[in-house]
């Protein structure tokens, strides 16, 4: 008789749980949705090598002047000041506006990932990169040399020398920004044509 009561209690408990289960399912996302969410969060890190992640993290930390884990307008201003470039509020707002939320490290990787996956035009990326060094239509060749050999995917001295041999540098050590961009975007188009 005691066994009958146990069986009845177990059946009753299962029935009650069965009634409660649909309500719980309504609140939780489906397994497919939760896996997708997990995958999309981790995918951004899988797009890059450990070395790239390390370099991006180093750059992020350099840009995060107030060390709060988010790059804001004051951080951008400090970064531009360190590069010797003046940026107005509109330019900084446009840069920060590219992010869909606070510009933390993961969001920065997402932006890089989007650019690398072809969501941004390669020519636009080249133009933006060199305009960051632009000062009244000229780029200081020594500052550019330092950046190329120090940050990101570091270039060797020989690689930088080979690149600089292709550029026209005036007697003051300045590179004409427009000519450099034209040269780089034209050579990128030439490489695409050869590959096709």
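The values are calculated or read from the model by the stated rules, or taken from the named source; none is laboratory data. Just so you know, these numbers come straight off a predicted model, no measurement behind them. Neighbour counts run over all protein chains shown; Cβ positions are idealised from the backbone, glycine included.
Quick look at the values:
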read-out: In the range 73-87, the residues that are in a loop (DSSP other than H, G, I, E, B), free of Cβ contacts under 8 Å to residues at least 40 places away in the same chain and surrounded by fewer than 16 Cβ atoms within 10 Å (Cβ to Cβ); value: 86
read-out: Wholly enclosed helices (runs of 4 or more DSSP H) of the range 88-164 bearing at least 3 residues within 19 Å of residue 47 (Cα to Cα); value: 105-114
read-out: Of all residues making up the range 125-146, the number that are at pLDDT 85 or above and either within 28 Å of residue 50 (Cβ to Cβ) or loosely packed, with under 14 Cβ neighbours inside 10 Å (or both); value: 6
read-out: Residue selected from the range 41-78 under the condition at pLDDT below 90 and touching a helix residue (DSSP H, G or I) at 6+ places or on another chain (Cβ under 6 Å), by the criterion farthest from residue 145 (Cα to Cα); value: 44
read-out: Odd one out for residue 62 among (1) in a helix (DSSP H, G or I); (2) in the same structural domain as residue 99 (by TED's automatic domain parsing); (3) closer than 21 Å to residue 114 by Cβ; value: (3)
read-out: Residue within the range 100-117 that is surrounded by 11 or more Cβ atoms within 10 Å (Cβ to Cβ), modelled with pLDDT of 85 or more and under 20 Å from residue 134 (Cβ atoms) present; value: no
read-out: Qualifying positions in the range 148-166 - under 19 Å from the mean Cα position of the chain (by Cα) and surrounded by 11 or more Cβ atoms within 10 Å (Cβ to Cβ); value: 148, 151, 152, 154
read-out: Checking residue 122 against (1) at negative phi; (2) at pLDDT 75 or above, the condition it does not meet; value: (2)
read-out: Some residue of the range 172-186 being modelled with pLDDT of 90 or more, loosely packed, with under 13 Cβ neighbours inside 10 Å and over 19 Å from residue 59 (Cβ atoms); value: yes
